[in-house]
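Visitor: The structure is given below, and queries will be raised subsequently.
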Amino acid sequence: MPTIDFSKKDLEMLLGKKLSHQQLENALMFVKGEIDGAQGGQVKADVKETLRPDVWSSEGIARELRARMGLEKGLPRYNVAKAKISCTIEKTVEKVRPFIACAVIRDVKVTGDLLLQIIQLQEKVGTTFGRKRKEAGIGLYDFDRMKAPVFYRGYKDTEIEYVPLEFKVKMRPSEILATHPKGKEFGHLLGGSEYYPIVIDSAGVVASMPPIINSETTGKLTAKTKNIFIESTGYDWEKVNIALKVMCMALADRGGKIEAVKINFPKTKTYTAKPVETPFFGTKKMKLDAAYVEKMTGLQLSAKEIISLLEKAVMRALAK
């Protein structure tokens, strides 16, 4: 059950509406949330919506509440610019951590609230939805410090070294796993592998060793950051992409512009043959019979009323 910390003022800015404490308490029920504590404008909320990683931040909560309160209707649309850069997966990561999905978020205005929420969301999604980073772990980077194209490849322990985040000296992958706090916590995910997965740019600058730790060179967002590179890695292609989309939506809700990254796959049975651009925001269609609604709820609702309720539940609906 994720616990979310956020600024009430920041949530109100994202929502476009001021809320009293009681109104906030009532509104959080729409995300199965309840206030666990509030002090000086800072709120701690327990969100019991464990199947909705998209609401595990102030951006996601505001997105849900805008629909519930009628401030916006239906499913929000996210524009994704065509890919200008690529990330190539190499065969050397296939057996250790095979999948990566990426995006670039342009023109981001980094604030203290953004940093708090995006880092918190990164951790919540990776730990809870990603099952302690096994099925999905997320990395965020200052893209202006990277040189495209990007590569996701495996290196033997003697072939690569870099300065991990918050450290000052270069270390081999095995040293990072043995000494870095995140290495000790998540090192078992790479245990026994001949190759260590590395995200690296075309200039040979290491961005990270997923899902362990970013590099000190590129893996720190600051107030000077304008463009953000996001990667999500793991064993499950679908979950890796869901995690990426959750992060992209949060940054887009703060004014960032989403740009796709072209993912090139190696020629093995694990991967599809053709390149894919990520993120991709698809929708699914389903039919809803008014008679079924009445049977399940006991309520006699018109098509117009049903559509209104579906729009408040962040869905797009049409009557036929």
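The values are calculated or read from the model by the stated rules, or taken from the named source; none is laboratory data. Predicted model, so just to flag it, every value in this text is computed and none were measured. Here the Cβ positions follow ideal geometry from the backbone for every residue, glycine too, while neighbour counts run over all protein chains shown. Side chains included, ligands, DNA and RNA excluded: accessible areas come from the protein's heavy atoms. Shrake-Rupley method; radii C 1.70, N 1.55, O 1.52, S 1.80 Å.
Visitor: Return the pairs, sorted by first residue and then second, in which the second residue is open to solvent by 70 Å² or more (accessible area, probe 1.4 Å) and charged (D, E, K, R), the first residue lies in region 273-291 and is closer than 18 Å to A243 by Cβ, the beta carbons are less than 7 Å apart, and the residues are 6+ apart or on different chains.
Guide: E277/K262
Visitor: Within region 129-145, is even one residue without any contact (Cβ under 8 Å) to a residue 24 or more places away in the chain, on the phi > 0 side of the Ramachandran plot and surrounded by fewer than 17 Cβ atoms within 10 Å (Cβ to Cβ)? Before the answer, list the steps.
Guide: Restricting attention to region 129-145, the residues satisfying the condition of being without any contact (Cβ under 8 Å) to a residue 24 or more places away in the chain are 131.
Next, from what is left, pick out any that are on the phi > 0 side of the Ramachandran plot: 131.
Cutting the leftovers down to surrounded by fewer than 17 Cβ atoms within 10 Å (Cβ to Cβ) gives us 131.
Among the residues of region 129-145, at least one is without any contact (Cβ under 8 Å) to a residue 24 or more places away in the chain, on the phi > 0 side of the Ramachandran plot and surrounded by fewer than 17 Cβ atoms within 10 Å (Cβ to Cβ), which makes the answer yes.
Visitor: Going through P98, P76, P53, P149 one at a time, which residue ends up being more than 16 Å from the chain's Cα centre (by Cα) and either aromatic (F, W, Y) or buried (at least 22 other Cβ atoms within 10 Å of the Cβ) (or both)?
Guide: Working: P76 fails: either aromatic (F, W, Y) or buried (at least 22 other Cβ atoms within 10 Å of the Cβ) (or both); P53 fails: more than 16 Å from the chain's Cα centre (by Cα); P149 fails: either aromatic (F, W, Y) or buried (at least 22 other Cβ atoms within 10 Å of the Cβ) (or both).
Of the residues listed, the single one that is more than 16 Å from the chain's Cα centre (by Cα) and either aromatic (F, W, Y) or buried (at least 22 other Cβ atoms within 10 Å of the Cβ) (or both) is P98.
Visitor: In region 184-221, which residues are charged (D, E, K, R) and either part of a loop (DSSP other than H, G, I, E, B) or touching a Phe, Trp or Tyr at 6+ places or on another chain (Cβ under 8 Å) (or both)? So that I can check it myself, show each step before the final result.
Guide: Filtering region 184-221 down to residues charged (D, E, K, R) leaves 184-185, 194, 201, 216, 220.
E194, D201, E216, K220, listed by residue number.
Visitor: Further question on the same structure: For V314, work out the one condition from (1) within 28 Å of E90 (Cα to Cα); (2) in contact (Cβ under 8 Å) with a residue 24 or more places away in the chain it doesn't fulfil.
Guide: Among (1) within 28 Å of E90 (Cα to Cα); (2) in contact (Cβ under 8 Å) with a residue 24 or more places away in the chain, V314 violates only (1).
Visitor: Going by what's in this entry, would S215 be described as touching a Pro at 6+ places or on another chain (Cβ under 9 Å) and either of a type in the set (G, A, S) or at pLDDT below 95 (or both)? Full working, then the answer.
Guide: Working: touching a Pro at 6+ places or on another chain (Cβ under 9 Å): yes; either of a type in the set (G, A, S) or at pLDDT below 95 (or both): yes.
Judged against the criteria, S215 is a match.
Visitor: A further question on this structure: Out of all the residues in region 6-49, which are among the small types (G, A, S), in contact with a strand residue (DSSP E or B) (Cβ under 7 Å, 6 or more places away or on another chain) and open to solvent by less than 20 Å² (accessible area, probe 1.4 Å)?
Guide: Residues satisfying the conditions are S7, G33, A45.
Visitor: Could you go through region 169-182 and let me know if any residue there is under 14 Å from T218 (Cβ atoms) and hydrophobic (A, V, I, L, M, F, W, C). So that I can check it myself, show each step before the final result.
Guide: Within region 169-182, the subset under 14 Å from T218 (Cβ atoms) is none.
No, that holds for no residue.
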